[in-house]
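Following: one structure in structure tokens, then a few remarks.
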Amino acid sequence: MIARLTRSLLLLSFIVIAGCSKKDAVPGVANSENKKAIGASARDLLSASKYTSIRMEIQYMSGYQPDPTSVTNLVNFINALCNKPGGVTVTQTPIPSGGKTMYSESDVVSIENSNRTVFTSGTTLGINFIYLDGTYTTDNVLGFAYRNTSMAIFAKKVNSSSGGLGQPSRTKLESTVLEHEMGHILGLVNLGSPMQSPHEDAAHEKHCSNNNCLMYYQAQTTDIMGPLMVGTVPPLDANCRADLAANGGK
């Protein structure tokens, strides 16, 4: 049985998601379409009714360029779930270091505000990942979503937690974190894609109760490493897939 997190980390899952959920577009603010609550663009991402393609910008700090196979896995994950006849294009660009060993959510927001260049426009919906050269303020968190099209990967922690003796491969760990955070902006769980049947983990809000599902809470922390040693990147379970299909996905 997978070990449970400490009480402080249990609270973190709520804080990271709920703390961001109050952000929304503000009239007159530049690029406000990309400054909404997590899950607010779930249907737009999943369906082709408004946007027919996705442009993904991955920005990384020096020494933390994304693993190419993980990026390919993420694109395949999106294509398998989202009705986007125009497909998914990816831009990767280096950005300056934030100059910290630990980054808070407000630090990440500031970094995005200073560096992001890809935004939603016309029939193309823009999304953004930032690869950071430090850890989160709670050390074993590997990534989080914080706006409707914004996600952070604590690449230093991902790299140090993978590829070594007794650790999963970097591709396996990085792919899991990328796809888990993408799942949140697609509205999982109960975060913009309404549940078709109850499956939200009461102890870890906005995560799936199935510990074999990609959206189980451990997939964004180092607690996922044990299961990854003997398995593959966890898939979305039937309940999560049903939520996405009902909200315009495949």
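The values are calculated or read from the model by the stated rules, or taken from the named source; none is laboratory data. The structure displayed is predicted, hence computed values, not measured ones. Counting neighbours? That spans all protein chains shown, and the Cβs are built from the backbone with ideal geometry, glycine included.
The table for this structure:
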{"item": "Members of segment 111-141 that are touching a Lys or Arg at 6+ places or on another chain (Cβ under 6 Å) and closer than 25 Å to residue 84 by Cβ", "result": "118, 124, 126, 128"}
{"item": "Selection from segment 139-152 of residues that are touching a strand residue (DSSP E or B) at 6+ places or on another chain (Cβ under 7 Å) and crowded, with 24+ Cβ neighbours inside 10 Å", "result": "142, 143, 144, 145, 146, 149, 150, 151, 152"}
{"item": "Elements of type strands (runs of 3 or more DSSP E) in segment 89-159, at least 1 residues being at pLDDT 95 or above and of a type in the set (Val, Ile, Thr)", "result": "124-131, 150-153"}
{"item": "Single match in 187, 166, 183 (criterion: touching a residue at least 40 places away in the same chain (Cβ under 8 Å), crowded, with 24+ Cβ neighbours inside 10 Å and part of a loop (DSSP other than H, G, I, E, B))", "result": "187"}
{"item": "Selection within segment 235-250 - buried (at least 23 other Cβ atoms within 10 Å of the Cβ) and over 14 Å from residue 191 (Cα atoms)", "result": "236"}
{"item": "Residue in segment 65-73 that is within 21 Å of residue 188 (Cα to Cα) and not aliphatic (A, V, I, L, M) present", "result": "yes"}
{"item": "Subset tally (residues that are surrounded by fewer than 14 Cβ atoms within 10 Å (Cβ to Cβ) and touching a residue at least 12 places away in the same chain (Cβ under 8 Å)) for segment 66-85", "result": "2"}
{"item": "Residue within segment 188-201 that is more than 24 Å from residue 34 (Cβ to Cβ) and modelled with pLDDT under 95 present", "result": "no"}
{"item": "Residue in segment 197-215 that is farther than 20 Å from residue 70 by Cβ, hydroxyl-bearing (Ser, Thr, Tyr) and without any contact (Cβ under 8 Å) to a residue 40 or more places away in the chain present", "result": "yes"}
{"item": "Hits in segment 116-138 (condition: over 20 Å from residue 95 (Cα atoms) and either without any contact (Cβ under 8 Å) to a residue 24 or more places away in the chain or buried (at least 22 other Cβ atoms within 10 Å of the Cβ) (or both))", "result": "121, 122, 125"}
{"item": "Residue in segment 72-84 that is under 17 Å from the mean Cα position of the chain (by Cα) and under 16 Å from residue 148 (Cα atoms) present", "result": "yes"}
